[in-house]
Amino acid sequence: LPNLLSKIVNVGIQQGGIEDPLPKAVSENGLTLLKQFMPQEDRAAIDACYTLVETGSAEAEQYEGEYPLLKSQSVYRLTTEEEQTVQAGADAYNRSTMAFLNFIQEMANQQGTAPSSAASMDTDSLRNVDFSELYSMLPMLQNMPDSAFESAQQVAAQTDPSMLSQMGVTLTRLFYQEIGMDVASLQNQYIVLTGLYMLLLTLASVISSVLVGFIAARVGAGFARSVRHDVFEKVEHFSLAEFDRYSTASLITRTTNDVTQVQMLITMGLRIVCYAPIMGVGGVVMAVGKSISMTWIIAVGVIVLLGIMLSVYALARPKFKVVQKLVDRLNLVTRENLSGMMVIRAFGTQRHEEERFDQANEDLTRVNLFVNRVMAFMMPSMMFIMNAITLVIVWVGAQQIDQSAMQVGDMMAFMQYAMQIIMAFLMITMMFILVPRAAVSADRIAEVLETEPTVKDPQAPKHFGGRAKGRVEFRNVSFRYHNAEDDVLQNISFTAQPGQTTAFIGSTGSGKSTLINLIPRFYDVTEGQILIDGIDVRELSQQELRDNIGYVPQKGVLFSGDIASNLRFGDENAEENKLTSAADIAQATEFIQHMPNGLDTSISQGGTNVSGGQKQRLSIARALVKQAPIYIFDDSFSALDFKTDAALRSALKKHTGESTVLIVAQRVSTIMNAEQIVVMDDGKVAGIGTHRELLKNCKTYREIAASQLSKEELE
């Protein structure tokens with residue numbers, strides 16, 4: 001587009017729409033005059049291009065409308081289209097024009113007279129030349145020897161080709177006027193056609209920009225969707241050890257905010273990273289084509305721009321790492337406040353929590369302000385450099401125009417190409433704003449994706465060969481958390497038989513929940529083995545292992561949806577009668593029936609629209625729907641009253657049949673009828689047996705029972 005604008009200025013305005021200096025037609029007298037100032041080889045080049053059309057001939061009648069002078073005088077017409085021949089003729093024509101002007105100037109200097117209008121001719125004065133005065137000099141010029149023109153021809157041969165071309169075009173316009181051509185129409189036609197071509201290019205550019213924006217948006221959104229899926233899928237395979245490493249707030253930030261940062265980079269990058277270098281390199285190439293002597297201006301500007309961008313990048317990148325960590329911190333504080341709002345209000349610590357949030361918010365704001373201030377410095381710097389380059393181009397270009405080494409249109413085009421180069425760097429600057437933060441976000445996402453779960457499926461897993469029988473055996477099991485100094489479980493050994501209930505009791509922190517979490521491989525044992533039907537759980541696939549376990553967590557967790565969808569977590573194809581049966585056993589039927597839509601009653605996020613006891617009973621029902629050979633209840637009866645607890649355990653005994661039931665409990669009354677009770681104390685087994693046996697043989701169990709049961713119940 002700047003090149004076309006240059007053509008409109010140089011050719012359309014200054015040259016009157018005449019692009020080629022070699023005229024398509026010239027009067028017989030005009031060409032004869034110019035040939036007097038040509039050496040022999042140039043005359044031959046001109047003769048090879050033109051054919052004389054004589055007045056009154058049939059050919060003259062054909063071209064009289066285009067060249068009205070043919071009605072009274074003969075005209076030479078350009079008849080060749082061979083590129084090399086035309087170029088040779090154009091060079092000869094341009095040199096003869098300059099030689100003619102130089103010769104007239106020499107004659108005036110030799111005579112010591114003030115130059116006449118013809119003797120002082122330049123590009124401007126040529127436009128008002130009187131051909132009748134020049135043609136009157138033809139007899140004199142024809143009688144002069146060729147050596148008289150040698151000096152003028154030598155000066156013309158040494159003149160800059162661009163200046164020769166300008167002089168040639170100016171004379172061509174005069175020749176066109178002489179033969180009667182409509183030069184005003186020729187000029188308007190050239191400007192209009194070039195302008196329309198510019199409009200078409202602009203329209204194509206707009207359409208391309210829209211398409212690129214559309215495609216980039218789709219690619220960015222598709223990438224973000226895939227990465228979010230991959231991160232979520234990876235997190236789903238994490239064991240509890242990985243969740244100990246990454247906080248929930250951090251994982252949420254990485255899945256949302258960090259992915260969004262990378263998505264923005266891709267969306268903008270596809271539009272800028274590809275476009276800006278093309279525009280910058282293309283601008284340099286086109287600018288060099290317009291003026292090699294002024295390219296140093298662009299080089300200096302580019303060096304300064306690179307220095308600024310690299311300095312800003314070095315300052316901003318470390319801060320972006322801090323920003324993402326502070327976003328994690330803010331999300332953590334927000335999540336804790338929203339989750340624990342009732343506790344905060346109950347203890348009247350709103351002010352303290354506000355201050356804690358304000359601190360996290362202010363820390364994030366302070367670092368963001370620093371980064372934004374650094375980035376804000378770039379735009380005015382770029383604008384200053386851009387305007388400074390414009391001034392230097394105008395100053396240097398004006399001098400070159402004055403020396404006829406450059407045309408006005410070329411200077412305008414060079415200026416626009418320089419602006420394109422600066423704009424390319426401005427676009428790259430935008431990427432420098434996005435890249436550091438996106439790079440940090442990408443590193444955080446990659447950290448999650450590259451994290452290898454500590455609990456993995458074996459390469460060649462063993463199989464139960466159908467439904468497991470449910471025999472669970474612990475053989476000298478010890479367990480230590482990652483980076484911990486001591487084992488939390490030490491040398492645990494026992495066997496839980498199918499059709500029996502094995503209960504675990506002990507003081508808080510004795511390792512009960514940790515122990516049963518080893519069965520579904522939420523953690524892997526540090527030492528020893530856990531066997532199900534004689535197969536080490538680490539030799540089974542996690543899917544097959546957990547398909548044979550009905551698990552009720554210590555904290556009842558429900559998902560948004562309805563009651564039926566929550567119960568079908570145990571079996572997605574379960575019929576309604578199966579759901580109803582499970583709810584019956586879990587003592588949940590009564591409160592479900594009192595709900596407006598029964599099993600179709602909506603459950604809000606986190607199950608906040610049901611009580612703690614109801615949540616526990618629904619969690620138990622969900623596990624029962626699975627009808628697994630092994631059931632694990634991790635302190636799942638704590639929120640139930642004694643009556644509901646007793647009724648649930650009675651129904652559970654009938655339903656579980658031949659299944660292995662593992663119960664963690666704090667209440668002795670919940671487990672006193674279990675076939676086997678394992679007493680835990682500080683990560684070790686303090687005793688194993690029935691309720692009666694442990695009262696006699698286990699001091700730890702006796703102390704627990706004494707704290708909960710009456711003297712009569714103990715006896």
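The values are calculated or read from the model by the stated rules, or taken from the named source; none is laboratory data. Predicted, not measured: the structure shown is a model, and the values here were computed from it. In this analysis, Cβ positions are derived from the backbone assuming ideal geometry, glycine residues included, and neighbour counts consider all displayed protein chains. Note: areas computed on protein heavy atoms with side chains; ligands, DNA, RNA excluded. Shrake-Rupley method; radii C 1.70, N 1.55, O 1.52, S 1.80 Å.
Output yes when any residue across region 609-629 is touching an Asp or Glu at 6+ places or on another chain (Cβ under 9 Å) and of a type in the set (S, T, N, Q), and no when none is.
Yes: one or more hits.
Filter the strands (runs of 3 or more DSSP E) completely within region 627-697 down to those with at least 1 residues that are acidic (Asp, Glu).
Strands (runs of 3 or more DSSP E) meeting the threshold: 630-634, 676-681.
Whether any residue in region 631-645 is of a type outside the set (A, V, I, L, M), within 49 Å of the chain's Cα centre (by Cα), open to solvent by 10 Å² or more (accessible area, probe 1.4 Å) and farther than 22 Å from Ala674 by Cα is what I want to check.
no
Looking at Ser247, is it under 24 Å from Gln400 (Cα atoms) and open to solvent by 30 Å² or more (accessible area, probe 1.4 Å)?
No, not satisfied.
Can you find a residue that is modelled with pLDDT under 90, polar (S, T, N, Q), more than 13 Å from Arg444 (Cα to Cα) and in a helix (DSSP H, G or I) anywhere in region 221-237?
Scanning region 221-237, I find no residue that is modelled with pLDDT under 90, polar (S, T, N, Q), more than 13 Å from Arg444 (Cα to Cα) and in a helix (DSSP H, G or I), so the answer is no.
Among the residues of region 529-536, is there at least one that is in contact with a helix residue (DSSP H, G or I) (Cβ under 6 Å, 6 or more places away or on another chain) and not in a loop (DSSP other than H, G, I, E, B)?
Yes, some residue in region 529-536 is in contact with a helix residue (DSSP H, G or I) (Cβ under 6 Å, 6 or more places away or on another chain) and not in a loop (DSSP other than H, G, I, E, B).
When you scan region 210-229, how many residues do you find that are of a type outside the set (A, V, I, L, M, F, W, C) and out of contact with any helix residue (DSSP H, G or I) (no Cβ under 8 Å at 6 or more places or on another chain)?
5
Any residue at all in region 5-23 that's part of a helix (DSSP H, G or I), open to solvent by 10 Å² or more (accessible area, probe 1.4 Å) and touching a strand residue (DSSP E or B) at 6+ places or on another chain (Cβ under 9 Å)?
no
Between residues in region 1-13 that are more than 8 Å from Tyr190 (Cβ to Cβ) and residues that are among the charged types (D, E, K, R) and outside any helix (DSSP H, G or I), which pairs lie under 8 Å by C-beta distance while being six or more apart or on different chains?
Lys7/Glu19
Which of the residues spanning region 514-547 are closer than 16 Å to Leu662 by Cβ and open to solvent by 30 Å² or more (accessible area, probe 1.4 Å)?
Phe522, Asp533, Arg546 - these are the residues of region 514-547 that are closer than 16 Å to Leu662 by Cβ and open to solvent by 30 Å² or more (accessible area, probe 1.4 Å).
Take Ile272 and tell me if it is surrounded by 18 or more Cβ atoms within 10 Å (Cβ to Cβ), under 27 Å from Val371 (Cα atoms) and in contact with a Gly (Cβ under 6 Å, 6 or more places away or on another chain).
So Ile272 fails the test.
State yes or no: is Leu200 of a type outside the set (D, E, K, R), part of a helix (DSSP H, G or I) and over 19 Å from Ala92 (Cβ atoms)?
Against the criterion (of a type outside the set (D, E, K, R), part of a helix (DSSP H, G or I) and over 19 Å from Ala92 (Cβ atoms)), Leu200 qualifies.
Going by the conditions given, is Phe377 under 30 Å from Ala424 (Cα atoms), in contact with a Lys or Arg (Cβ under 7 Å, 6 or more places away or on another chain) and touching a residue at least 24 places away in the same chain (Cβ under 8 Å)?
For Phe377, the condition - under 30 Å from Ala424 (Cα atoms), in contact with a Lys or Arg (Cβ under 7 Å, 6 or more places away or on another chain) and touching a residue at least 24 places away in the same chain (Cβ under 8 Å) - is not met.
Considering only residues that are under 59 Å from the mean Cα position of the chain (by Cα) and open to solvent by 50 Å² or more (accessible area, probe 1.4 Å), which ones fall in region 668-684?
Scanning region 668-684 gives Asp681, Asp682, Lys684.
Give me the pairs: first residue in region 423-449 and of a type in the set (S, T, N, Q), second residue part of a helix (DSSP H, G or I) and at pLDDT 80 or above, beta-carbon distance under 6 Å, and six or more apart or on different chains, which are they?
From residues that are of a type in the set (S, T, N, Q), the pairs are Ser441/Asp258; Ser441/Gln261; Ser441/Val262.
Just one of Val169, Val192, Val183, Val155 is open to solvent by 80 Å² or more (accessible area, probe 1.4 Å) and either over 31 Å from the mean Cα position of the chain (by Cα) or free of Cβ contacts under 8 Å to residues at least 12 places away in the same chain (or both); which is it?
Only one candidate passes the filter, namely Val192.
Sort out which residues of region 174-197 are under 30 Å from Leu34 (Cα atoms), of a type outside the set (S, T, N, Q) and assigned to a helix (DSSP H, G or I), and write them in order of number.
Leu174, Phe175, Tyr176, Glu178, Val183, Ala184, Leu186, Tyr190, Ile191
Determine which member of the set Gly613, Gly657 is small (Gly, Ala, Ser) and surrounded by 15 or more Cβ atoms within 10 Å (Cβ to Cβ).
Gly613
Between Asn476, Asn566, Asn483, which is farther than 28 Å from Thr608 by Cβ and in contact with a strand residue (DSSP E or B) (Cβ under 7 Å, 6 or more places away or on another chain)?
Asn476
Val343 - would you say it is at negative phi and either open to solvent by less than 30 Å² (accessible area, probe 1.4 Å) or touching a helix residue (DSSP H, G or I) at 6+ places or on another chain (Cβ under 6 Å) (or both)?
no
Against the definition (in contact with a helix residue (DSSP H, G or I) (Cβ under 9 Å, 6 or more places away or on another chain), of a type in the set (D, E, K, R), without any contact (Cβ under 8 Å) to a residue 40 or more places away in the chain and within 23 Å of Phe131 (Cβ to Cβ)), how does Glu54 come out, yes or no?
yes
Do we find a residue being open to solvent by less than 40 Å² (accessible area, probe 1.4 Å) and under 28 Å from the mean Cα position of the chain (by Cα) anywhere in region 400-417?
yes
In region 457-511, what count of residues is obtained for those that are within 50 Å of the chain's Cα centre (by Cα) and on the phi > 0 side of the Ramachandran plot?
Number satisfying all stated conditions: 5.
Considering only region 418-452, state which residues are open to solvent by less than 40 Å² (accessible area, probe 1.4 Å) and of a type in the set (S, T, N, Q).
Selection gives Thr429, Ser441, Thr451.
Would you call Phe370 of a type in the set (Phe, Trp, Tyr) and at pLDDT 80 or above?
Yes: the conditions hold for Phe370.
Can you name the residue in region 443-465 that is aliphatic (A, V, I, L, M) and part of a loop (DSSP other than H, G, I, E, B) and, of all such residues, is modelled with the lowest pLDDT?
For region 443-465, the residue satisfying everything is Val455.
Picking from Glu354, Glu362, which residue would you name as being among the acidic types (Asp, Glu) and farther than 20 Å from Ala316 by Cα?
Going through Glu354, Glu362 in turn, just one is among the acidic types (Asp, Glu) and farther than 20 Å from Ala316 by Cα: Glu354.
Looking only at region 309-325, which residues are farther than 12 Å from Val440 by Cβ, over 20 Å from the mean Cα position of the chain (by Cα) and either surrounded by 17 or more Cβ atoms within 10 Å (Cβ to Cβ) or among the hydrophobic types (A, V, I, L, M, F, W, C) (or both)?
Within region 309-325, Leu310, Val312, Ala314, Leu315 qualify.
Take the conditions in contact with a helix residue (DSSP H, G or I) (Cβ under 9 Å, 6 or more places away or on another chain), open to solvent by 70 Å² or more (accessible area, probe 1.4 Å), hydrophobic (A, V, I, L, M, F, W, C) and without any contact (Cβ under 8 Å) to a residue 12 or more places away in the chain and apply them to Phe232. Does it pass?
Taking the combined requirement at face value, the residue does not satisfy it.
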